[in-house]
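See below for the structure under consideration.
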Amino acid sequence: MRNKKNIIKVGYLLSYDYSYIFTSIKQIYDHVDRIVISYDAHNKTWAGNDVYIPESFFTEIKALDSQNKIIFYKDTFFIPGMQPMELETRQRNMMAEKLGKGGWHIQIDGDEYAYDFKKLAQFLRKHRYLLKDPEKKAFNFQVTFVTLFKQNEEGYFVITPFDEKCMLITNAPQYKYARLNHNTERVFPLDYYLIHQSWARDEQEIVEKINNWGHKNDFDTSEFLQSWKTLNAGNYKEYQNFHPLDKTQWKELSFFPAKNIDEFIVSFAEKHPQKPLQLDVSFTKKLKLQLRNLF
């Protein structure tokens, strides 16, 4: 751990869905040490399409950055001839370098909401002894997605049960496929929910998403879009085992009433409060790790 002041560092990839980041940052801001927001210097998505981020966005971000934690990182993230997923992984690695060595690295997307983040931050600070010598002792933590699939006037259709995992935190950021690290020898699951707004957007945004994100070439996006458009309150229970890449990841849908995403987060947090987090190793192993990192 090279910098004791920067224990928890967060990176965001900014693109066509930039507006969601405000909800995301508000969940974590008070409990992190540094935030880097990266975006393409030439206003391109990974697919090479144009993206417009208004100047007012940066003004609003600066206005909420009361503790001067946020850094904007502009660079060339689109390269003709490279696949979108290659470019996503490349940008994540470049952003990790910008965040700097040491500390816990969290790469979170703008439409992901880590509610009651204080518990996760306390866990990471408590176990900061694991940050020593990350090149030799890499530690990674998985959390559980709560994926929102569609929204109507009454609420949200949500993927259940909550089985989908997300590799979110590492002390050794060397990404090989999106957020998946090269070193996965030590991967620990955390009983922590990460709300992912994902597909709960209007149709125009869905079209923009499937035409520009890292997975755009990985499945039949036209078929998926049609299936998404067809879903409604009368047929959502018929959607079973329907994940476009691994069908069993999305077993079924449940409905959660809420007027908007803020109300959903509050309501979901009441029904599913974040639990106290534990490092899933034996007491003896934990003690050895603590002692080893003292020297």
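The values are calculated or read from the model by the stated rules, or taken from the named source; none is laboratory data. Source: prediction; values computed, not measured. Here the Cβ positions follow ideal geometry from the backbone for every residue, glycine too, while neighbour counts run over all protein chains shown.
Structure data summary
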| item | result |
| --- | --- |
| Meets criteria (of a type in the set (Gly, Ala, Ser), under 22 Å from residue 16 (Cα atoms) and surrounded by 15 or more Cβ atoms within 10 Å (Cβ to Cβ)) for residue 172 | no |
| The listed residue being farther than 25 Å from residue 218 by Cα, buried (at least 18 other Cβ atoms within 10 Å of the Cβ), at pLDDT 95 or above and among the aromatic types (Phe, Trp, Tyr), out of 117, 157 | 117 |
| Output for region 255-279, where each listed residue is surrounded by 13 or more Cβ atoms within 10 Å (Cβ to Cβ) and in contact (Cβ under 8 Å) with a residue 40 or more places away in the chain | 255, 256, 258, 261, 264, 265, 268, 269, 272, 274, 277, 279 |
| Residue in region 10-20 that is modelled with pLDDT of 95 or more and touching a Leu at 6+ places or on another chain (Cβ under 9 Å) present | yes |
| Qualifying residue in region 59-77 (condition: in contact with a His (Cβ under 9 Å, 6 or more places away or on another chain), under 21 Å from residue 16 (Cβ atoms) and at pLDDT below 95) | no |
| Members of region 168-221 that are of a type in the set (Ser, Thr, Tyr) and either farther than 22 Å from residue 106 by Cα or part of a strand (DSSP E or B) (or both) | 170, 175, 177, 192, 193, 221 |
| Which listed residue is more than 13 Å from residue 174 (Cα to Cα) and at pLDDT 95 or above, from 84, 80 | 80 |
| Residue within region 27-38 that is of a type in the set (Phe, Trp, Tyr) and over 16 Å from residue 120 (Cα atoms) present | no |
| Which listed residue is in contact with an Asp or Glu (Cβ under 6 Å, 6 or more places away or on another chain) and hydrophobic (A, V, I, L, M, F, W, C), from 77, 157 | 77 |
| Of residues in region 79-94 being part of a helix (DSSP H, G or I) and either of a type in the set (Val, Ile, Thr) or touching a helix residue (DSSP H, G or I) at 6+ places or on another chain (Cβ under 8 Å) (or both), the one nearest to residue 180 (Cα to Cα) | 89 |
| Output for region 169-215, where each listed residue is of a type in the set (D, E, K, R) and without any contact (Cβ under 8 Å) to a residue 24 or more places away in the chain | 202 |
| Selection count, region 145-154, where residues are in contact (Cβ under 8 Å) with a residue 40 or more places away in the chain and surrounded by fewer than 18 Cβ atoms within 10 Å (Cβ to Cβ) | 2 |
| Condition check for residue 165: in contact (Cβ under 8 Å) with a residue 24 or more places away in the chain, farther than 29 Å from residue 78 by Cα and among the charged types (D, E, K, R) | no |
| Test: residue in region 17-32 that is out of contact with any Ser or Thr (no Cβ under 6 Å at 6 or more places or on another chain) and part of a strand (DSSP E or B) | no |
| Residue count, region 78-121 (criterion: at negative phi and without any contact (Cβ under 8 Å) to a residue 40 or more places away in the chain) | 7 |
| Residue within region 209-227 that is β-branched (Val, Ile, Thr), more than 17 Å from residue 146 (Cα to Cα) and touching a Lys or Arg at 6+ places or on another chain (Cβ under 9 Å) present | yes |
| Pick from region 229-257, criterion at pLDDT 95 or above and among the hydroxyl-bearing types (Ser, Thr, Tyr), ranking: nearest to residue 207 (Cα to Cα) | 230 |
| Hits in region 33-78 (condition: over 19 Å from the mean Cα position of the chain (by Cα), of a type in the set (S, T, N, Q) and part of a loop (DSSP other than H, G, I, E, B)) | 43, 49, 66, 67, 68, 76 |
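To keep it simple, each residue is scored yes or no on (1) within 16 Å of the chain's Cα centre (by Cα); (2) surrounded by fewer than 20 Cβ atoms within 10 Å (Cβ to Cβ).
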site: 164; (1), (2): yes, yes
site: 184; (1), (2): no, yes
site: 193; (1), (2): yes, no
site: 201; (1), (2): no, yes
site: 208; (1), (2): no, yes
site: 212; (1), (2): no, yes
site: 218; (1), (2): no, yes
